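Working notes for the structure below.
Only the coordinates and a few stated rules stand behind these numbers; no lab work does. Note that the structure is predicted; figures quoted are calculated from it, not measured. Cβ placement follows ideal geometry from the backbone for every residue including glycine, while neighbour counts extend to all protein chains displayed.
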Amino acid sequence: MQKQAVIIVGHGSKSNQAVEDFNFIVKLLKEKLDERTVYGAHMELASPSLEEVVGEIAHSDINKVLVIPYFLFNGNHIKQDIPDILTQLKEKYPHLDFHFSKPIGREPLMAEIMYRKVQEIA
């Protein structure tokens with residue numbers, strides 16, 4: 001049986017508040033996925049990086065890594081940067097089985113979230 005980890009990858013920010021907000025989302029997901037190991041990682045401007053988190057995971061009994069982008073759209077980080085990093089990590093850690101999901105994008109729940117935001121200020 002594969003033991004898996006989930007890595008939520010965000011953009012990263014110099015703003016402490018932005019990093020705290022990201023960590024809050026990671027914490028909520030940890031509560032929902034209590035049987036899995038959940039990590040947060042940043043592409044830039046904050047730590048830990050995706051490479052650092054995978055390095056930690058590689059020295060555990062985990063062998064499947066689900067990489068979930070905390071991005072709205074299919075920009076450069078999604079289309080190029082993260083896949084390039086994962087290619088390098090697969091070479092460095094061949095015992096890890098990586099799976100990369102799509103960004104939030106066209107998730108119908110986003111319309112509900114935006115509706116709530118409209119209601120807050122209407």
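Of all the listed residues (85, 104), the sole one being within 22 Å of residue 60 (Cα to Cα), without any contact (Cβ under 8 Å) to a residue 60 or more places away in the chain and of a type in the set (A, V, I, L, M) is 85. Every listed requirement among (1) more than 14 Å from the chain's Cα centre (by Cα); (2) under 18 Å from residue 2 (Cα atoms) is met by residue 37 save one, (1). None of 38, 67 is part of a strand (DSSP E or B), within 14 Å of residue 98 (Cβ to Cβ) and in contact with a helix residue (DSSP H, G or I) (Cβ under 7 Å, 6 or more places away or on another chain) except 67.
Just the residues that are buried (at least 17 other Cβ atoms within 10 Å of the Cβ) and over 14 Å from the mean Cα position of the chain (by Cα), please, taken from the range 58-84. Walk me through it before giving the result.
Let us first name the residues in the range 58-84 that are buried (at least 17 other Cβ atoms within 10 Å of the Cβ), namely 62, 65-71, 77-78, 82.
Scanning the range 58-84 gives a single hit, 62.
Within the range 88-100, if we keep just the residues that are among the charged types (D, E, K, R) and either without any contact (Cβ under 8 Å) to a residue 12 or more places away in the chain or part of a helix (DSSP H, G or I) (or both), the residue that is surrounded by the fewest Cβ atoms within 10 Å (Cβ to Cβ) turns out to be 91. Within the range 101-122, being in a helix (DSSP H, G or I) and polar (S, T, N, Q) holds for one residue alone: 119.
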